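K.L.:
First the structure, then my questions, so here it is.
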Amino acid sequence: MLADTWYLFNKYMKITIRMPMWTLFTLVQPLIWLVIFGELFKNVSQLPGFPAGTYMDFFVPGVLVMTVLFGSSWSGVSLLREIQSGTVDKMLVAPVSRIAIVLSRVLHSTAQVIAQVAIMLAVSWALGAHLNLGPIALGLSLLVVVLLGLCFAAVSNGFAIALQREEPLVIIGNLMTLPLMFFSTALVPASFMPDWIKYVTMINPINYAVEAVRAVLVETPDMSAYGQAALILALFTAAALWWAVSAFNALRD
Amino acid sequence: MIQVRGLTKVFPAGAKAVDELDLDVSPGEIFGLLGPNGAGKTTTIRTLATLCGFDSGEVIVAGYDVDKEPEKVRRSIGVVAQNTGIDYFLTGRENLELQGHLYRMKKSDIKSRIAELAHYFELEASLDRQVATYSGGMRRKLDIATALIHRPKLIFLDEPTLGLDIKSRKMLWDYIEKLNKEMGLTILLTTHYLEEADKLAHRVAIISGGKIRAVGTPEDLKSSIAGDAVTLDLEQQAWAAQQFAAALKQADYVKDSLWQGNKLHLYVANGAESVPKITELARRHSAAILTLSLSRPNLDDVFLKYTGSSLEDTGEESGDEWWKQWAGKGGGGKWQQQWSQDQQAAESGAEKQGPEDFQETQQARPASQPASDSSAQTGGTWPQQQWSAEETAQWQGGRAEKADTPNQTEPREAKSADADQPSWPSQQNWPNNDTDNEWAAQKKWPGKPSEK
């Protein structure tokens, strides 16, 4: 299974690298987020009740998670294209592990997201954000990024199989990503939220990802907060992966 | 090599895709499944290739039960599906390598096998180019090569030449025959091209409505129809034509006759002798013969005999399986299936979503297929003579006048079907040239089933 995953993962990476323009766009896009949102909400940090530090300090973990979310949520679109072009059938008639087919796709979009995150951290550091970029903090936030990437790539693939068509998948993708982002502390701290939104954030995996990254990227890391948030996120990810794999197995009609 | 007993597969909507199908393919033969769109060919092949489950029956492929040992079946077979499963951004070599890895072959083995296959399919020069630069025929060759990488004993070819030009099609036929002869491969292929089944297959099974209607060598099947085939185009509704047809049935030289829309198929002992008699009879009954053609029986006549409809008149293959789930209802995928079930429960046995519904929606020709495909098929390739309008008119006793030049805006297909036909001023129900377009569009459009 691992060998199959590796070969298929390699295939997707080759394909990605052969579309350099596209790869470039996916790398540039998060920077645009960082700059636009960073400037737009700059003065929010002046409001009473905002945590200490500049808005940029607060926002970097949020935009990091946003990048992961937007990057991995469209993984299912290319799965559909592969189903329609017969590539998936070709894999299915080979004695390939079914898990490997899903896993390689999900890993591929996660790998892309990691590259984006690395660039973003470098740029936000250059822009003067006060971040704890020690190796442990970086490693731990990368772990969260991977978990979240896996989670949403899996959800997207699961929906792709359930819906069987691109248009509804895109609608669901939009419906999922934007509200989930606003229902989290990515843009504003929890103290700014009305009560009912606070309750929604409790069942939002994105919120846990933001909280976890924020807990370790600040200058005094809060390990227990990180551990708690990361654990809950891991549970979400496991459930999403399980759903995607079982949906894929059911594809054999 | 393949034994199928009582295979039945029911679509979630309740229609039977495959219905109590039996099939035996012996080692070393090329076996053709011939049938129109929606006949169950692809479903059958997908079931045999472990891609799709089934509801009842027993399926043994390459000595293994598909249901119990799918992994072993997968190792022994190669599959070339309708949609090429190769990646356009990878080179030919990378596609082959990946496939080799997925079959867990050793690296050195993959390398030597690629060299072998590239040589065999004459792909050496383009092996390190991206597949996106390949021609349609080359892609199909590469597709077959990837299916052969692990040296299977049996391969499935689902519509191997669909959408290819004549030249590439002929080239692929040569390869398929060579593979069978030189590598000893057993080949199960599906097709809706009569010529393909006739040329390639050692044995042909005629499949329609999920059932196999007849099996045999193409020669045996054709000789099951004695004599020559005469096809007349008539106005079926016209009283004169009805009288004429009834008289023909009585005639001693007509062995068998069959209405199909406006076409009357006659099977006669001797074509050359019968044609003048037929036209004479038509004149006596004042029945208008629009076209008359005489041919040796081909597989289409066989098809007509066993299924009651002509293969050439059934819709073009759309090949989009997933489209069926969307037919007319909105929703999709699993939710669509659920919807259909609920709907059926609610209507409690009222009108079911049968295969007819699907066929209706599939009449829309997919954009990927050239529109001239079917007319080229009927007009060009078949060894069939068509009498010209003048000749037919002569037999009709010179009553006819040559038709006006057809309207230039008329679509190409309609023109090729109707351009040669005379119009008959004496007949009241014959439309004039102003409505000719409409008439042609309604009744003569290739790929649309005739009214019955």
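The values are calculated or read from the model by the stated rules, or taken from the named source; none is laboratory data. All values reported here derive from a predicted model rather than from experimental measurement. All Cβ positions, even for glycine, are placed from backbone atoms using ideal geometry, and neighbour counts span all protein chains on display. Just so you know, the surface numbers come from the protein's heavy atoms only, side chains and all, with ligands and any DNA or RNA stripped out. Shrake-Rupley method; radii C 1.70, N 1.55, O 1.52, S 1.80 Å.
K.L.:
For residue B:128, which of the numbered conditions (1) away from chain A (no Cβ under 14 Å); (2) open to solvent by 60 Å² or more (accessible area, probe 1.4 Å); (3) in contact with a Lys or Arg (Cβ under 7 Å, 6 or more places away or on another chain) fails to hold?
P.N.:
(1)
K.L.:
Another question, if that's okay. Does residue A:184 satisfy being in contact (Cβ under 8 Å) with a residue 12 or more places away in the chain, surrounded by fewer than 19 Cβ atoms within 10 Å (Cβ to Cβ) and either within 14 Å of chain B (Cβ to nearest Cβ) or on the phi < 0 side of the Ramachandran plot (or both)?
P.N.:
no
K.L.:
Which of the residues that make up segment A:67-91 are of a type in the set (Lys, Arg) and facing chain B (nearest Cβ under 7 Å)?
P.N.:
A:90, the sole residue that qualifies.
K.L.:
Still on this model: Regarding residue A:203, is this residue open to solvent by 60 Å² or more (accessible area, probe 1.4 Å), farther than 19 Å from residue A:67 by Cβ, more than 14 Å from every other protein chain (Cβ to nearest Cβ) and aliphatic (A, V, I, L, M)?
P.N.:
When the stated conditions are applied, residue A:203 passes them.
K.L.:
Tell me which residues, restricted to segment B:29-54, are over 21 Å from residue B:74 (Cβ atoms) and more than 15 Å from the chain's Cα centre (by Cα).
P.N.:
Correct list: B:29, B:30.
K.L.:
Mind counting the residues in segment B:219-266 that are touching a residue at least 40 places away in the same chain (Cβ under 8 Å) and in a loop (DSSP other than H, G, I, E, B)?
P.N.:
Count: 10.
K.L.:
Name the pairs: first residue in segment B:71-85 and more than 7 Å from every other protein chain (Cβ to nearest Cβ), second residue of a type in the set (Phe, Trp, Tyr) and open to solvent by 10 Å² or more (accessible area, probe 1.4 Å), Cβ to Cβ under 9 Å, at least 6 apart or on different chains?
P.N.:
B:72/B:64; B:73/B:64; B:76/B:64
For every residue, the table says whether it meets (1) within 11 Å of chain B (Cβ to nearest Cβ); (2) touching a Ser or Thr at 6+ places or on another chain (Cβ under 9 Å); (3) small (Gly, Ala, Ser).
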{"residue": "A:1", "(1), (2), (3)": "no, yes, no"}
{"residue": "A:6", "(1), (2), (3)": "yes, yes, no"}
{"residue": "A:12", "(1), (2), (3)": "yes, yes, no"}
{"residue": "A:17", "(1), (2), (3)": "yes, yes, no"}
{"residue": "A:23", "(1), (2), (3)": "no, yes, no"}
{"residue": "A:30", "(1), (2), (3)": "no, yes, no"}
{"residue": "A:35", "(1), (2), (3)": "no, no, no"}
{"residue": "A:38", "(1), (2), (3)": "no, yes, yes"}
{"residue": "A:43", "(1), (2), (3)": "no, no, no"}
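K.L.:
Taking segment B:232-244 on its own, how many of its residues are surrounded by fewer than 19 Cβ atoms within 10 Å (Cβ to Cβ) and within 25 Å of residue B:307 (Cβ to Cβ)?
P.N.:
4
K.L.:
Being open to solvent by less than 50 Å² (accessible area, probe 1.4 Å), within 30 Å of the chain's Cα centre (by Cα) and free of Cβ contacts under 8 Å to residues at least 60 places away in the same chain is the requirement here; does residue B:141 meet it?
P.N.:
yes
K.L.:
Mind checking which residues of segment B:42-70 are touching a helix residue (DSSP H, G or I) at 6+ places or on another chain (Cβ under 8 Å), among the hydroxyl-bearing types (Ser, Thr, Tyr) and either open to solvent by 10 Å² or more (accessible area, probe 1.4 Å) or more than 9 Å from chain A (Cβ to nearest Cβ) (or both)?
P.N.:
Scanning segment B:42-70 gives B:42, B:64.
K.L.:
List the pairs whose first member sits in segment B:18-41 and is among the aromatic types (Phe, Trp, Tyr), whose second member is open to solvent by less than 10 Å² (accessible area, probe 1.4 Å) and not in a loop (DSSP other than H, G, I, E, B), and whose Cβ atoms are under 6 Å apart, counting only residues at least 6 apart or on separate chains?
P.N.:
B:31/B:25; B:31/B:188
K.L.:
Keeping to segment B:86-96, report how many residues are of a type in the set (Val, Ile, Thr) and at the interface with chain A (Cβ under 8 Å from one of its Cβ atoms). Working first, answer last.
P.N.:
Restricting attention to segment B:86-96, the residues satisfying the condition of being of a type in the set (Val, Ile, Thr) are B:86, B:91.
Remaining after also requiring at the interface with chain A (Cβ under 8 Å from one of its Cβ atoms): B:86.
Residues that pass the stated criteria total 1.
Let's see how each residue does on (1) over 25 Å from residue B:257 (Cβ atoms); (2) out of contact with any Gly (no Cβ under 6 Å at 6 or more places or on another chain):
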position: B:174; (1), (2): yes, yes
position: B:189; (1), (2): yes, no
position: B:202; (1), (2): yes, yes
position: B:211; (1), (2): no, yes
position: B:214; (1), (2): no, yes
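K.L.:
Could you list all residues from segment B:211-268 that are charged (D, E, K, R) and within 24 Å of residue B:38 (Cβ to Cβ)?
P.N.:
B:211, B:213, B:263
K.L.:
Moving on. Being at the interface with chain B (Cβ under 10 Å from one of its Cβ atoms) and either buried (at least 20 other Cβ atoms within 10 Å of the Cβ) or at pLDDT below 85 (or both) is the filter here; which residues of segment A:163-173 pass it? Step through it out loud before you land on a result.
P.N.:
Within segment A:163-173, the subset at the interface with chain B (Cβ under 10 Å from one of its Cβ atoms) is A:163-165, A:167-169.
A:163, A:164, A:165, A:169 - these are the residues of segment A:163-173 that are at the interface with chain B (Cβ under 10 Å from one of its Cβ atoms) and either buried (at least 20 other Cβ atoms within 10 Å of the Cβ) or at pLDDT below 85 (or both).
K.L.:
Which of the residues belonging to segment B:201-247 are more than 15 Å from residue B:267 (Cα to Cα) and of a type in the set (Val, Ile, Thr)?
P.N.:
Across segment B:201-247, the qualifying residues are B:204, B:206, B:207, B:212, B:215, B:217.
K.L.:
May I ask you to say which residue of B:257, B:274 is open to solvent by less than 20 Å² (accessible area, probe 1.4 Å) and of a type in the set (Ser, Thr, Tyr)? Quick ask: steps written out before the conclusion?
P.N.:
Values: B:257 fails: open to solvent by less than 20 Å² (accessible area, probe 1.4 Å).
Exactly one of B:257, B:274 is open to solvent by less than 20 Å² (accessible area, probe 1.4 Å) and of a type in the set (Ser, Thr, Tyr), namely B:274.
K.L.:
If I filter segment A:92-115 down to residues being within 7 Å of chain B (Cβ to nearest Cβ) and of a type outside the set (Val, Ile, Thr), which single residue comes out as most open to solvent (accessible area, probe 1.4 Å)?
P.N.:
This residue is A:92.
K.L.:
If I go through segment A:123-160 residue by residue, how many of them are within 14 Å of chain B (Cβ to nearest Cβ) and either at positive phi or open to solvent by less than 10 Å² (accessible area, probe 1.4 Å) (or both)?
P.N.:
3
K.L.:
Answer yes if at least one residue in segment A:232-242 is part of a helix (DSSP H, G or I), within 14 Å of another protein chain (Cβ to nearest Cβ), open to solvent by less than 10 Å² (accessible area, probe 1.4 Å) and modelled with pLDDT of 85 or more, and no otherwise.
P.N.:
No, every residue in segment A:232-242 fails to be part of a helix (DSSP H, G or I), within 14 Å of another protein chain (Cβ to nearest Cβ), open to solvent by less than 10 Å² (accessible area, probe 1.4 Å) and modelled with pLDDT of 85 or more.
K.L.:
Taking segment B:269-291 only, how many residues are under 13 Å from residue B:235 (Cα atoms) and either touching a His at 6+ places or on another chain (Cβ under 9 Å) or assigned to a helix (DSSP H, G or I) (or both)?
P.N.:
Counting residues in segment B:269-291 that are under 13 Å from residue B:235 (Cα atoms) and either touching a His at 6+ places or on another chain (Cβ under 9 Å) or assigned to a helix (DSSP H, G or I) (or both) gives 1.
K.L.:
Determine, yes or no, whether residue B:151 is surrounded by fewer than 19 Cβ atoms within 10 Å (Cβ to Cβ) and assigned to a loop (DSSP other than H, G, I, E, B).
P.N.:
yes
K.L.:
For residue B:39, indicate whether it is within 14 Å of chain A (Cβ to nearest Cβ), of a type in the set (Gly, Ala, Ser) and either within 19 Å of residue A:89 (Cβ to Cβ) or open to solvent by less than 10 Å² (accessible area, probe 1.4 Å) (or both).
P.N.:
No; evaluated as a whole, the condition is false for this residue.
K.L.:
Scan segment B:97-118 residue by residue and report those that are surrounded by 17 or more Cβ atoms within 10 Å (Cβ to Cβ) and either within 8 Å of another protein chain (Cβ to nearest Cβ) or not aliphatic (A, V, I, L, M) (or both). Break it down into steps so the answer makes sense when it comes.
P.N.:
As a first pass, look at segment B:97-118 and keep what is surrounded by 17 or more Cβ atoms within 10 Å (Cβ to Cβ): B:97-103, B:105, B:110, B:113-114, B:117-118.
The answer is B:97, B:98, B:99, B:100, B:101, B:102, B:103, B:113.
K.L.:
Could you check, for segment A:63-79, whether at least one of its residues is in contact with an Asp or Glu (Cβ under 7 Å, 6 or more places away or on another chain), surrounded by 23 or more Cβ atoms within 10 Å (Cβ to Cβ) and not in a helix (DSSP H, G or I)?
P.N.:
no
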